[in-house]
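Step one of this worksheet: look at the structure below.
The values are calculated or read from the model by the stated rules, or taken from the named source; none is laboratory data. Keep in mind that this is a model prediction, so the values were computed, not measured. With ideal geometry, Cβ positions are generated from the backbone for all residues, glycine too; neighbour counts draw on all protein chains shown.
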């Protein structure tokens, strides 16, 4: 009896978060969307009914027949990490987990009725124990947040869009949905990175894992500070044209750029919010039903306002200047792109008069 009770105890001493709500670690952009969806009466029922066409049973059978299910008998070290992660985040039902043969390092959490975690052999071979623990925690965070449903829909629609690419109107409609889902999912990855840190409670391991995903198993050739400096240069570098190119580059991606994820996670790890969670002060799942959508949206708006205000990206700085009350939006954009001076007081005065 004592042996079985020990199965759910982490292998080393880590803080546990009984009853923790996913709101504790969700990125503001991710959280506001999910809270709003959860507050819609019957949304989950309707969504799953509409998703009845999705081949979930086929997906489960595929992994069962052509991948290795993690258990005490197979990939036992991953099974221990999975139980640890569920114990720390207080996820009562441990999701099924599979290892699938793929040299590309990747992991995902999918499923409509119940989440399934899938990791590739490329990822298992790339990461050490503590790095992998953060990844497993990341996927358990997706499960706790309910992300698996939307991720499954995204995978299905992406596949469908490829199959009907020859139908112009159909493809445009589906790609519009896929683009919106990808934008949400990129934000959800930032949330799950935070969950991974809460599980591993080792920022350096999280950083190493992200670096390896970006640059392979060559840690002796890499440096965390230099890696984070890349994110700084990426955000601040270039002009307005580069800002537009950044947006175009990220649109087809399901994940944020790795350097950006590392910088975001480090910033959160150094925040008062993270420390309060470690000290046991965090929202509980028992309070989720009384969560205010308005407060969540306000928090999200505040986050975006802070992002615009502190961003070094040229486009974001322009948005901040305009939002700061400069007044003439058209004139500001024209001046930025044409290099026209702002010293013409009469022009400035007439612009203000027309506003």
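Any residue at all in the range 118-134 that is assigned by TED's automatic domain parsing to the domain that holds residue 199, free of Cβ contacts under 8 Å to residues at least 60 places away in the same chain and within 22 Å of residue 284 (Cα to Cα)?
The answer is no; no qualifying residue exists.
Name the one entry in 77, 147, 142, 138 that is surrounded by fewer than 18 Cβ atoms within 10 Å (Cβ to Cβ) and touching a residue at least 40 places away in the same chain (Cβ under 8 Å).
Selected residue: 77, the only one of 77, 147, 142, 138 that is surrounded by fewer than 18 Cβ atoms within 10 Å (Cβ to Cβ) and touching a residue at least 40 places away in the same chain (Cβ under 8 Å).
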